[in-house]
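The values are calculated or read from the model by the stated rules, or taken from the named source; none is laboratory data. Since the model is a prediction, treat every value here as computed from it, not as a measurement. When we count neighbours, we look across all protein chains shown, and the Cβ atoms used for this are built from the backbone with ideal geometry, even at glycine.
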Ligand SMILES: [Ca+2]
Ligand SMILES: [Ca+2]
């Protein structure tokens, strides 16, 4: 009997705890999109704003590379009291025939500098992996010769995309692999009529890819109370044992190792995170 009472009390405590810490609609975060002309076109942005009910401040400047955008980053992101930034640069860095070209190692170093500044200022980062290039229309405006050794402009762009992925992993930040999302379609070339800027259908793919990782900015914090603690552990564990059902956003937050599954590895990692033996994505 005593055991039964204890079990009932502990269940009640857990239930009350979850009620108190239910996912709340917090204030809208300030989101800045920092990038080049691909960012500047607001079609992707409208899609995200409509789907997600967030407002995005667009800081896309045509022709910018990580090098040329460095001067404005502090002002437009760090000093703008942004909560979240999407960093989307690389296409112009890879323009090896032009002055704005940034060598690969410098590109990586610039991305690290952006991310380090964000981490120091408490700004959450989604690093957008640069979209692919369609060689034929691109080469109507560029000298093909310097791209030859890379198998064409998209061959070189692929190295920049890979470099961005590596920096994201190294710095433990969320990344949206927009490049891979396009390459996974049956024919990515139809989404880039001028070789680099997505058309409407392309921007939908772009936006969907960013949205698919957006909740990872709060990974582990399943109940959305701003902390990763035992309540999140309980939710993740109960979801695994199917005594509660998480919504899609909560499922993304609960998938701590980002493998597309909500299972025992995730709730163990949540526990480790609040005991300080595991570093969550974004930290
Ligand atoms: Ca929490
Ligand atoms: Ca998982």
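Considering (1) within 11 Å of ligand 2 (Cβ to nearest atom); (2) within 21 Å of residue 173 (Cβ to Cβ), the lone condition that residue 261 does not fulfil carries the number (2).
Here residue 178 does not fit the description of being more than 26 Å from residue 74 (Cβ to Cβ), modelled with pLDDT of 95 or more and in contact with a helix residue (DSSP H, G or I) (Cβ under 7 Å, 6 or more places away or on another chain). Looking for something without any contact (Cβ under 8 Å) to a residue 12 or more places away in the chain, over 23 Å from the mean Cα position of the chain (by Cα) and outside any helix (DSSP H, G or I) - is there at least one such residue anywhere in the range 118-138? No, there is no match, as no residue in the range 118-138 is without any contact (Cβ under 8 Å) to a residue 12 or more places away in the chain, over 23 Å from the mean Cα position of the chain (by Cα) and outside any helix (DSSP H, G or I). Residues of the range 240-283 that are touching a helix residue (DSSP H, G or I) at 6+ places or on another chain (Cβ under 6 Å), part of a helix (DSSP H, G or I) and closer than 22 Å to residue 211 by Cβ: 249, 252, 253, 254, 266. Output yes when any residue across the range 242-252 is under 26 Å from residue 85 (Cβ atoms), in contact with a strand residue (DSSP E or B) (Cβ under 8 Å, 6 or more places away or on another chain) and away from ligand 2 (no atom under 13 Å from the Cβ), and no when none is. So far as the range 242-252 goes, no, none of its residues is under 26 Å from residue 85 (Cβ atoms), in contact with a strand residue (DSSP E or B) (Cβ under 8 Å, 6 or more places away or on another chain) and away from ligand 2 (no atom under 13 Å from the Cβ). Regarding the range 157-172, can at least one residue be identified that is within 18 Å of the chain's Cα centre (by Cα), within 25 Å of residue 110 (Cα to Cα) and assigned to a loop (DSSP other than H, G, I, E, B)? Yes, the conditions are met somewhere in the range 157-172. The residues of the range 140-169 that are crowded, with 16+ Cβ neighbours inside 10 Å, out of contact with any strand residue (DSSP E or B) (no Cβ under 9 Å at 6 or more places or on another chain) and touching a residue at least 40 places away in the same chain (Cβ under 8 Å), listed by number, are 142, 147, 153, 156, 157, 160, 161, 163.
Regarding residue 131, is this residue closer than 20 Å to residue 188 by Cα and touching a strand residue (DSSP E or B) at 6+ places or on another chain (Cβ under 9 Å)?
yes
Within the range 214-225, the set of residues being surrounded by fewer than 19 Cβ atoms within 10 Å (Cβ to Cβ) and either more than 28 Å from residue 236 (Cα to Cα) or away from ligand 1 (no atom under 16 Å from the Cβ) (or both) is empty. Residues in the range 184-196 that are in contact with a helix residue (DSSP H, G or I) (Cβ under 9 Å, 6 or more places away or on another chain) and either modelled with pLDDT under 95 or surrounded by fewer than 18 Cβ atoms within 10 Å (Cβ to Cβ) (or both): 5 in all. Output yes when any residue across the range 202-210 is closer than 17 Å to residue 281 by Cα and within 16 Å of ligand 2 (Cβ to nearest atom), and no when none is. No, there is no match, as no residue in the range 202-210 is closer than 17 Å to residue 281 by Cα and within 16 Å of ligand 2 (Cβ to nearest atom). Taking the condition within 16 Å of ligand 2 (Cβ to nearest atom), assigned to a loop (DSSP other than H, G, I, E, B) and within 23 Å of residue 84 (Cα to Cα), does residue 221 pass? Yes: the conditions hold for residue 221.
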